[in-house]
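Student: Handing you this structure, nothing more for now.
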Amino acid sequence: MLEFAVRRMLVRVVAGSLLFIAPSLVAAQWAPVEQVKTYTVSGSTGIELYSQIGEKGPLVGGQMRTIAHTDFKLLWSRNYQPQPDGSCKLVSARPNLTLIYTLPKAGKMPGTLKAKWDAFAEGVRRHERVHGDMIVEMVKEIETVSVGLSAADDPKCQKIRQDLTARLGEISKRNRERHRDYDRLEMNNGGNVHQLILTLVNE
C-alpha cells in the first residue's frame, strides 16, 4: 500500500548541457543556486499525511509519485579556441547550476502529530540534500577533467565537442548509478527513509 515511497526517480541529467574541463585550468570558485518548491499535505494522523503524499507528491517520469524530488538545471559558458597548429582547445568552462528541491509541507495538525511530522520532514530534507551534494560533486568532476581538453586537426572545434559528449556519457552513467545505490540503501527495509515513514505512520 505504501510502495510508492520506496521507489524514487533519480535526478535528470541533460546530456547536451554538460561539458568536460581540466585540473590546472579550472576557473574561479562557483556555487549552485538553490530553489525549493513545496506541496502541502494535511491530516490528523500520520497515515492521513502519508496518504496525501501519495496523492500530491511530485510526479516523476509521468508515472510515479514520490515523497520528494531533486532535479537540476545545468548550463555552461565555454570558450573553445582554435590553436595555431590546427587543434582546438577548451580553455575555460564555467557552470551555471540550479538545484531544484521539491519537498512536502504540512498544514495545520494536532500538536502531538507536529513533532512526528517535523522529524519526518527534516529527514526527507536531509535525504534530498545528499542528492544535491552528489550533483554538485558531479559538476566539479566534469569541471576537473574538462578544461584544457584538446583535439588535434580540429580547426573548427567540432571533434572536441564529440569527444566531450562521449566523456559526458561515462560521468552521467556513474552519477545515475550513485543516486540509485543511495536511494536503495535509504529506502530498503531498515534504511533511514524507511524508518522515517514507519515512525510517521505508526501510532
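The values are calculated or read from the model by the stated rules, or taken from the named source; none is laboratory data. These numbers come from a predicted model, not from an experiment. Cβ atoms come from the backbone with ideal geometry, glycine included; neighbour counts cover every protein chain shown.
Student: Before we move on, is residue 77 without any contact (Cβ under 8 Å) to a residue 40 or more places away in the chain, part of a strand (DSSP E or B) and either among the aromatic types (Phe, Trp, Tyr) or in contact with a strand residue (DSSP E or B) (Cβ under 7 Å, 6 or more places away or on another chain) (or both)?
Tutor: Taking the combined requirement at face value, the residue satisfies it.
Student: Could you say whether any residue in region 16-34 is in a strand (DSSP E or B), modelled with pLDDT of 95 or more and not aromatic (Phe, Trp, Tyr)?
Tutor: Yes, because at least one residue in region 16-34 is in a strand (DSSP E or B), modelled with pLDDT of 95 or more and not aromatic (Phe, Trp, Tyr).
Residue-wise test of (1) buried (at least 19 other Cβ atoms within 10 Å of the Cβ); (2) aromatic (Phe, Trp, Tyr); (3) at pLDDT below 95.
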position	(1), (2), (3)
53	yes, no, no
60	no, no, yes
65	no, no, yes
72	yes, yes, no
102	yes, no, no
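Student: Could you check region 90-203 for helices (runs of 4 or more DSSP H) lying wholly inside it with 3 or more residues that are among the basic types (Lys, Arg) and in contact with an Asp or Glu (Cβ under 8 Å, 6 or more places away or on another chain)?
Tutor: Counting at least 3 such residues, we get no helices (runs of 4 or more DSSP H) at all.
Student: Scan region 75-103 for residues that are of a type in the set (A, V, I, L, M) and over 30 Å from residue 120 (Cα atoms) and report the count.
Tutor: Matching residues across region 75-103 total 4.
Student: If you check 87, 44, 92, which single one turns out to be of a type in the set (S, T, N, Q), exposed (fewer than 13 other Cβ atoms within 10 Å of the Cβ) and in contact (Cβ under 8 Å) with a residue 12 or more places away in the chain?
Tutor: 44
Student: OK, next. Within the bounds of region 66-86, is there any residue that is of a type in the set (Gly, Ala, Ser) and under 30 Å from residue 160 (Cβ atoms)?
Tutor: Scanning region 66-86, I find at least one residue that is of a type in the set (Gly, Ala, Ser) and under 30 Å from residue 160 (Cβ atoms), so the answer is yes.
Student: Please verify whether residue 105 is in contact (Cβ under 8 Å) with a residue 12 or more places away in the chain, in contact with a strand residue (DSSP E or B) (Cβ under 6 Å, 6 or more places away or on another chain) and charged (D, E, K, R), treating the condition exactly as stated.
Tutor: yes
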